[in-house]
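Just below is one structure, and these are the notes that go with it.
The values are calculated or read from the model by the stated rules, or taken from the named source; none is laboratory data. Everything numeric here is computed off the predicted structure, so don't read it as measured data. FYI the Cβ positions are ideal-geometry reconstructions off the backbone, even for glycines, and counts take in every protein chain you see. Heavy atoms of the whole protein, side chains included, go into the accessibility calculation; ligands, DNA and RNA do not. Shrake-Rupley method; radii C 1.70, N 1.55, O 1.52, S 1.80 Å.
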Amino acid sequence: MTHLVWFRNDLRVSDHSALTEACKAPGADVKAIFLWTPEQWQQHDYGLARQYSIRSALATVAQDLAQLGIPLTIVHADTWLAGVDQLIDYARSQNVSHLAFHREFGWDEVQRDQYTIEQARAAGIDTWIGEDRVGFDPASLLTGQGDMYRVFTPFKKRWLSQHAETPLPRPLPVPSPVAPALTAIPDIPAVNWTGTAELPLNEHEAHEHLSHFTEAMPNYKDHRDLPAVEGTSRLSAALANGAISLRQCMHSAFSHPRFDSAGVQTWLSELIWREFYHYLLYWRPDLARHEPFYPRWDAFPWNRDDAALQRWQQGQTGVPIVDAGMRQLAQTGWMHNRVRMIVAMYLVKLLKVDWRQGERWFAQQLLDIDFASNNGGWQWCASTGVDAAPYFRIFNPHTQSERFDPKGDYIRRWVPELASVNAAAIHQPSQTLAKHQGYSLPLIDYKRARAETLTLFKKL
Ligand SMILES: Cc1cc2nc3c(=O)[nH]c(=O)nc-3n(C[C@H](O)[C@H](O)[C@H](O)COP(=O)(O)OP(=O)(O)OC[C@H]3O[C@@H](n4cnc5c(N)ncnc54)[C@H](O)[C@@H]3O)c2cc1C
């Protein structure tokens with residue numbers, strides 16, 4: 001019996017249900033496969049950063065699988081559907097009897113998996129599909145009326161009560177080797193991303209990072225909004241490419257000696273936000289087709305100002321905290337959550353650029369791009385989403401900056417033109433200051449832009 005494990009956004013060997021399932025079959029010959037599909041990724045707006053993240057995690061998986069005696073085949077295909085045909089051809093050529101993989105949400109993902117199941121059945125191959133991306137099957141978390149949740153807090157309560165009744169299983173260990181270690185490791189395409197990653201991308205790095213962060217977890221609530229402090233886990237890219245599993249992260253929170261501390265509780269809550277956004281994508285796969293959750297605001301007269309969009313993308317808006325965030329993104333493929341909210345609100349509610357333009361730019365730049373969380377974050381900021389910020393909530397980037405980067409350290413790190421500006425002046429560089437420092441003049445006047453947006457929203 002030959003078992004084939006299809007690796008996707010689950011690039012690790014521990015707590016990998018599909019791999020464990022294949023390895024536990026007595027005497028099974030186990031093989032692994034990965035579809036390298038740059039054109040498909042491009043269609044989803046995923047950029048080189050995301051490919052780099054996948055490459056980094058996959059290289060480690062290839063080595064770890066070799067230690068377990070499991071060969072990994074990398075199939076190059078333009079699209080997922082073409083890739084599935086190649087996967088089935090490969091499975092046939094290797095007399096594969098069982099194919100195991102984890103379920104994924106999203107429009108194209110669901111079509112791909114349906115097609116896979118049909119093609120495998122036609123080829124006489126059994127399929128085994130595991131739940132890995134989220135803690136619980138979204139179909140099992142419903143309101144008292146049997147409807148989907150549209151508000152985070154009751155969803156979180158339901159999630160926690162489900163966990164109290166049926167706790168998430170303990171993370172699975174790395175399976176025992178099924179054959180002697182292999183020396184041949186497959187070639188993985190190089191990816192020419194030019195940024196510098198400042199967060200873990202592969203399984204080993206992710207676990208090392210999690211164990212450091214676990215010590216700091218009780219302080220999370222106090223530090224998480226300060227972009228100059230490394231107060232968050234930075235596990236988002238590893239969660240997105242699957243180098244670490246949700247269960248492994250949840251387990252570190254649930255088993256924490258200071259579980260009741262505000263820090264651990266808040267971190268748990270953030271992981272449940274991630275669950276919530278995946279839940280929404282499960283129930284509303286059309287979100288993946290760039291539909292707003294509530295179409296109410298779709299008639300907003302978006303500003304089609306390419307020059308403004310470009311200045312935002314390049315971190316040249318003249319608002320220091322916005323520019324710092326956009327430059328951190330360009331240089332490292334990551335941005336602090338508080339700053340993501342500030343730059344998103346600035347683009348949508350002050351420059352009045354369609355939120356989908358920002359969502360797309362993030363997808364192209366982020367190492368941790370995860371469709372559900374990105375879409376959820378953008379729709380929250382644009383007020384088009386579920387349980388989103390009300391339309392009249394418009395962050396003032398200058399006061400946000402004073403509050404969350406009081407000394408200006410974050411700004412100084414990413415906007416070197418302002419390196420010598422003191423904390424009192426750095427949040428609101430006036431036009432004179434901009435001239436002296438060679439820094440961009442402000443693109444818009446905050447007060448005027450805010451008033452215009454509110455008038456437009458009210459008209460709708
Ligand atoms: C406009 C916008 C776009 C975003 N795009 C993405 C994205 O593409 N991928 C992504 O993983 N996160 C996204 N987020 C959520 C959040 O900014 C990142 O998850 C977080 O900054 C990652 O840093 P961390 O790993 O240190 O998080 P921590 O604060 O340590 O949180 C732990 C984990 O919980 C999850 N998480 C935390 N906050 C959120 C949140 N608000 N929504 C959903 N999940 C959350 C992440 O998986 C994160 O790694 C976005 C937020 C906004 C406002």
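Measuring max minus min along each principal axis, the C-alpha atoms of the range 295-459 give extents of 46, 35, 28 Å (largest first). Length gained on full extension, LEU433 to GLN111, computed as 0.36 nm times the residue gap minus the Cα-Cα distance: 110.5 nm.
Under a Cβ-only charge scheme (Lys and Arg +1, Asp and Glu -1), can you give me the dipole magnitude of the chain about the Cα centre, in debye to the nearest 20?
Working: 45 positive and 50 negative charges, 326 e Å.
Dipole magnitude for the chain comes out near 1560 debye.
Would you mind calculating the relative contact order of the range 2-131 from Cα pairs under 8 angstrom and at least 6 residues apart, reporting the percent as a whole number?
Details: 178 pairs, mean separation 42.0, N = 130.
Relative contact order of the range 2-131: 32 percent.
If I compute solvent accessible area with a 1.4 Å probe over the protein chains, what percent of it on the chain is carbon and sulfur?
Ligands and nucleic acids excluded, carbon and sulfur give 50 percent.
Converting phi to 3J(HN,Hα) with the Karplus coefficients 6.51, -1.76 and 1.60 and the offset θ = phi - 60°, the range 177-191 yields x, 9, 7, x, 4, 9, 9, 7, 10, x, 6, 10, x, 6, 10 Hz in sequence order, with x at every glycine or proline. Amide hydrogen proximity for THR73: with H placed 1.01 Å from N in the peptide plane, the residues at 5 or more positions away or on another chain lying under 5 Å are ALA32, ILE33, PHE34.
Accessible area per residue for the range 295-459 in Å², computed with a 1.4 Å probe and the full protein assembly in place, what is it? Before the final figure, lay out the partial values.
On the way: 6800 Å² over 165 residues.
It amounts to 41 Å² per residue over the range 295-459.
Structure note, pairs LYS407/LYS458; LYS156/LYS458; LYS407/LYS435; LYS349/LYS459; LYS352/LYS459; LYS156/LYS221: Cα-Cα distances above 25 angstrom occur for LYS407/LYS458; LYS156/LYS458.
Taking only protein heavy atoms into account and a 1.4 Å probe, give the accessible area per residue of the range 145-228 in Å². Don't jump to the answer; show the numbers that get you there.
Working: 5120 Å² over 84 residues.
Accessible area per residue: 61 Å².
Rg over Rh for the range 264-310 works out to 1.17, both radii taken from alpha-carbon positions and Rh defined as the Kirkwood radius.
Close amide-amide hydrogen proximity is noted between GLY130 and PHE101, HIS102, ARG103, each under 5 Å apart and 5 or more residues distant or on a separate chain (H modeled in the peptide plane; Pro and chain starts excluded).
Backbone geometry of the range 434-442 corresponds, through the Karplus equation with coefficients 6.51, -1.76 and 1.60 at θ = phi - 60°, to 3J(HN,Hα) couplings of 4, 5, 5, 8, x, 9, 4, 6, x Hz, x marking Gly and Pro. The C-alpha atoms of the chain define a longest principal axis, and helix 152-165 lies at about 30 degrees to it. Karplus-based coupling profile of the range 393-402, in residue order and whole Hz: 7, 10, 4, 8, x, 6, 6, 4, 5, 4, with θ = phi - 60° in 6.51 cos²θ - 1.76 cosθ + 1.60 and x standing for Gly or Pro. Helix 48-67 and the longest principal axis of the C-alpha atoms of the chain enclose an angle of approximately 30°. Taking Cα atoms only, the orientation of helix 203-216 departs from the longest principal axis of the chain by about 50 degrees.
The label point for ALA425 and the one for PHE259, both projected 7 Å from the Cα toward the Cβ, are 5.3 nm apart.
ILE185 to ARG121: FRET efficiency via 1/(1 + (r/R0)^6), r the Cβ-Cβ distance, R0 45 Å, to the nearest 0.05? Please list the in-between numbers first.
Working: r = 33 Å, r/R0 = 0.72.
So, using R0 = 45 Å, E works out to roughly 0.90.
Rounded to the nearest 500 deg cm²/dmol, what is the calculated helix-only ellipticity per residue at 222 nm for the chain, with -39500 (n - 2.57) per DSSP H run of length n ≥ 4? Don't skip to the end; give the middle numbers.
Details: 20 runs with 221 residues, N = 460.
Rounded to the nearest 500, the figure is -14500 deg cm²/dmol.
Relative to the present Cα-Cα distance, how much length would full extension add between GLN364 and ALA139 at 0.36 nm per residue of separation?
Working: separation 225, 0.36 × 225 = 81.00 nm, distance 3.08 nm.
Difference between extended and current length: 77.9 nm.
Around the amide H of VAL353, modelled in the peptide plane, lie the amide H atoms of ASN303, VAL348, all under 5 Å away and 5 or more residues distant in sequence or on another chain.
Protection proxy ranking of 417-427, 445-455, by the mean of other Cβ atoms within 10 Å over each peptide's residues and highest first, is 417-427, 445-455. Taking 0.36 nm per residue of separation and subtracting the current Cα-Cα distance, fully stretching the chain between ARG296 and GLN86 would add 71.3 nm. Within the straight-line cut-off of under 17 Å between alpha carbons, the aspartates and glutamates reachable from LYS31 are ASP10, GLU21, ASP64, ASP89, ASP126, ASP187, sequence neighbours fewer than 8 places apart in one chain being disregarded.
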